[in-house]
């Protein structure tokens, strides 16, 4: 087999190098993988759904087995979703797994992005992959929205209508853009077919292509790693691709599939039959989009009712929270590696990661923006919050309008200070304490001062002044660590003896968990 | 377990086998979403757990270390630059053809843009007009004409222009308030006889149907983004993100008691746009 392939493709050289390639072990590097596996499952389940879905607005009268809607007028699209849910065997499970997978897909991308951000993994030479990744997030949002809208139910139809109004609000080209994108004034007969073509062809193809680039760049540039003894900028350490990493990766994929199957089987999601078919004259209340669009929904709800009228033209209210704000937001996210480079003046290659404390400015800004997005997402459910807290929704909105400005500033500042504080402590105490065994069986401490941190403490004399006070604390910490290490060593010796006995008896060529 | 490290792996694989067979049986018996999901989870999760346990417990845990080298050497860069320039010279030698090539590509690109126009018709006046004309009879969602006495004080009904029941832009809310309670300019008041007033049901913020009426406070509330409109003062926005009032539909009550329009809405309905 190897010979046959190598004769034709010359695969042996590639395989020799690739099978021993180093891949990461740290859990935080698995977040992007989870997103990838969600995408695989989305394609699989989505293909099944596509065999039954009908993208047609044609009016039909429901005659299926779901009693409450029998005799109701609805679109053929909505009817096909009901048929898929109630009549196609395993159809409901597939649909629910698909929906849960889409939610997890975007959640995994978002958390992956936060990990990359807070550890500085986007810095040179990985700016290109940052841009590809943010593009994947945008494509994921588009895939989510178009898919969510396909069932043509009352809830998603309301969402499409809001999207139409947002597009309509764009200055100069808004009306034409909305009419061309939606095939005329809302609601148009063309829309479902277009959403369908985008959802099952254009967007997944783009996502697939972007994933290919994303992975190719990771393959080529190799992964980043956290600072630890023995980790250097010049090399990369990890599990070999074959067999260790492959086993773990396929195993993780299957577990992600398993968890999503459990969610899809046991936890109801998007029960479109309770919302009813879309009707432009009614609306469900409360109406929230899927979680990943909550921040835009919240921005629409919190924004003041400002519009601009000049020279007989109008920029209506939804433009600012619905178009300008997300555009600026994503522009900022796209450009962050370059903004940060400008702020810090640091254009060096980095393969060792920061921890959040290592760059208080970045951490503070990140926490502030994250808080802003979370408050906006809460505001997207202000009516639900209001009825939950038994407060009039107007007061919830007023309160959130204040919070959305105050809370990010406050938490961002706190994060900045806490990160600075933690870093300062480490600068004075030494980044880590390394214990070495001496010849007579005792322990000795080795303090490591990474060059960068020493340079920082020179730049910041006040940190050096605080160092004195912290020295005592650091010493006590080191003593405790020493005691722990001694306990650990005693235990390890015990286990070693036991393992030796076992090996003598059974001769198993495996290594147990504890020895790693 | 200590003596049989492969036992958990085998156990996980057996779970997968059993759950897989179980899935086939459940499907054959007619299917049941909850059991399907749970069995699928066990089958997939078991296999995943087996692979991870196998790797963790039975395979040597080795670490590999690789050199990083990303940027090419200076010679490589120079060679690449030279190769690029050598190809580029071919175009430099035929300036005229190169320019024509550029023009041809541009013309083709331009031609490819035109089909975008086929995607939808021109907006024209469609956003400025609805199906309401002077004398149009107001009907309910089933197309039945609406009589003025149907609407009691404090109640509300969604009406449409006759011939267009369910119309998205023609939908209007017919509301009766206490006679004389409306605070409208005289020309607008003439279109609201006997405390009966009609407003567009399409929110001027993002186009949702303004579905909630609080009769006590005479407020219309849009459930999407909580824009609130005061019915008594011409549906002026009092809270939320909407900045324009809901357009009024001037109506009259005919001698037959039916509600008729005196014309189209006072302003274009629905969310704002550039040309408005």
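Listing for the model above:
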read-out	value
Identity of the residue in segment B:210-223, outside any loop (DSSP other than H, G, I, E, B) and without any contact (Cβ under 8 Å) to a residue 40 or more places away in the chain, that ends up surrounded by the fewest Cβ atoms within 10 Å (Cβ to Cβ)	B:214
Identity of the residue in segment B:195-209, at the interface with chain A (Cβ under 8 Å from one of its Cβ atoms) and touching a helix residue (DSSP H, G or I) at 6+ places or on another chain (Cβ under 7 Å), that ends up surrounded by the most Cβ atoms within 10 Å (Cβ to Cβ)	B:206
Scope segment B:149-175; condition surrounded by fewer than 22 Cβ atoms within 10 Å (Cβ to Cβ), within 16 Å of residue B:249 (Cα to Cα) and in contact with a helix residue (DSSP H, G or I) (Cβ under 9 Å, 6 or more places away or on another chain); matching residues	B:157
Matching option when the condition is modelled with pLDDT of 95 or more and under 30 Å from residue A:223 (Cα atoms), among A:349, A:340	A:340
Residue A:333 more than 30 Å from residue A:72 (Cβ to Cβ), touching a residue at least 12 places away in the same chain (Cβ under 8 Å), surrounded by 16 or more Cβ atoms within 10 Å (Cβ to Cβ) and away from chain B (no Cβ under 14 Å)	yes
Exclusive hit being surrounded by 18 or more Cβ atoms within 10 Å (Cβ to Cβ) and part of a loop (DSSP other than H, G, I, E, B), set A:77, A:55	A:55
Every residue from segment B:116-148 that is within 14 Å of another protein chain (Cβ to nearest Cβ), more than 25 Å from the chain's Cα centre (by Cα) and exposed (fewer than 12 other Cβ atoms within 10 Å of the Cβ)	B:142
Among (1) within 11 Å of chain B (Cβ to nearest Cβ); (2) surrounded by fewer than 17 Cβ atoms within 10 Å (Cβ to Cβ) - the single one residue A:222 does not satisfy	(2)
Boolean, residue A:136 is within 23 Å of residue A:267 (Cα to Cα) and surrounded by 20 or more Cβ atoms within 10 Å (Cβ to Cβ)	no
Residue in segment A:91-98 that is out of contact with any strand residue (DSSP E or B) (no Cβ under 6 Å at 6 or more places or on another chain) and surrounded by fewer than 19 Cβ atoms within 10 Å (Cβ to Cβ) present	no
Residue ID - nearest to residue B:169 (Cα to Cα), chosen from residues in segment A:183-197 that are more than 7 Å from chain B (Cβ to nearest Cβ) and in contact with a helix residue (DSSP H, G or I) (Cβ under 6 Å, 6 or more places away or on another chain)	A:188
Subset of segment A:1-33 that is within 14 Å of chain B (Cβ to nearest Cβ) and part of a helix (DSSP H, G or I) - its residue that is surrounded by the most Cβ atoms within 10 Å (Cβ to Cβ)	A:30
Yes/no for residue A:200 being under 30 Å from residue A:97 (Cβ atoms), more than 7 Å from chain B (Cβ to nearest Cβ) and crowded, with 16+ Cβ neighbours inside 10 Å	yes
Only one of A:295, A:273 that is over 27 Å from the mean Cα position of the chain (by Cα) and either under 21 Å from residue A:94 (Cα atoms) or in a helix (DSSP H, G or I) (or both)	A:273
Subset of segment A:168-182 that is out of contact with any strand residue (DSSP E or B) (no Cβ under 8 Å at 6 or more places or on another chain) and surrounded by 24 or more Cβ atoms within 10 Å (Cβ to Cβ) - its residue that is farthest from the other protein chains (Cβ to nearest Cβ)	A:178
Index of the failed condition, residue A:386 passing every other in (1) at pLDDT 95 or above; (2) farther than 30 Å from residue B:67 by Cβ	(1)
Residue within segment A:238-248 that is more than 7 Å from chain B (Cβ to nearest Cβ), surrounded by fewer than 17 Cβ atoms within 10 Å (Cβ to Cβ) and at negative phi present	yes
Selection within segment A:249-258 - facing chain B (nearest Cβ under 7 Å), within 28 Å of residue A:289 (Cβ to Cβ) and under 18 Å from the mean Cα position of the chain (by Cα)	A:257
Verdict on residue A:275 being within 30 Å of residue A:83 (Cα to Cα), more than 7 Å from chain B (Cβ to nearest Cβ) and out of contact with any strand residue (DSSP E or B) (no Cβ under 9 Å at 6 or more places or on another chain)	no
Among the residues listed as B:179, B:187, the single one being at negative phi and assigned to a helix (DSSP H, G or I)	B:187
The lone exception for residue A:128 - which of (1) within 14 Å of another protein chain (Cβ to nearest Cβ); (2) closer than 30 Å to residue A:79 by Cβ; (3) modelled with pLDDT of 95 or more it fails	(2)
Test: residue in segment A:24-47 that is modelled with pLDDT under 95, touching a strand residue (DSSP E or B) at 6+ places or on another chain (Cβ under 6 Å) and more than 16 Å from residue A:264 (Cα to Cα)	yes
Which listed residue is in a helix (DSSP H, G or I), surrounded by 14 or more Cβ atoms within 10 Å (Cβ to Cβ) and at the interface with another protein chain (Cβ under 7 Å from one of its Cβ atoms), from B:36, B:66	B:36
Criterion (outside any helix (DSSP H, G or I), more than 7 Å from chain B (Cβ to nearest Cβ) and either within 17 Å of residue B:227 (Cβ to Cβ) or free of Cβ contacts under 8 Å to residues at least 60 places away in the same chain (or both)) met by exactly one of A:268, A:288	A:288
Which numbered condition residue A:233 fails, given (1) without any contact (Cβ under 8 Å) to a residue 12 or more places away in the chain; (2) surrounded by fewer than 16 Cβ atoms within 10 Å (Cβ to Cβ); (3) within 9 Å of chain B (Cβ to nearest Cβ)	(1)
Selection status of residue B:192, out of contact with any helix residue (DSSP H, G or I) (no Cβ under 7 Å at 6 or more places or on another chain), within 14 Å of chain A (Cβ to nearest Cβ) and either closer than 30 Å to residue A:300 by Cβ or buried (at least 16 other Cβ atoms within 10 Å of the Cβ) (or both)	no
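For every residue, the table says whether it meets (1) surrounded by 16 or more Cβ atoms within 10 Å (Cβ to Cβ); (2) touching a strand residue (DSSP E or B) at 6+ places or on another chain (Cβ under 7 Å); (3) away from chain B (no Cβ under 14 Å).
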{"site": "A:363", "(1), (2), (3)": "yes, no, yes"}
{"site": "A:367", "(1), (2), (3)": "yes, no, yes"}
{"site": "A:371", "(1), (2), (3)": "yes, no, yes"}
{"site": "A:387", "(1), (2), (3)": "no, no, no"}
{"site": "A:390", "(1), (2), (3)": "no, no, yes"}
{"site": "A:395", "(1), (2), (3)": "no, no, no"}
{"site": "A:402", "(1), (2), (3)": "no, no, yes"}
{"site": "A:408", "(1), (2), (3)": "yes, no, yes"}
{"site": "A:420", "(1), (2), (3)": "yes, no, yes"}
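The values are calculated or read from the model by the stated rules, or taken from the named source; none is laboratory data. Just so we're clear, the structure is a prediction, and the values are computed from it rather than from any experiment. Neighbour counts are summed over all protein chains in view; Cβ atoms, including those assigned to glycine, are modelled from backbone coordinates with ideal geometry.
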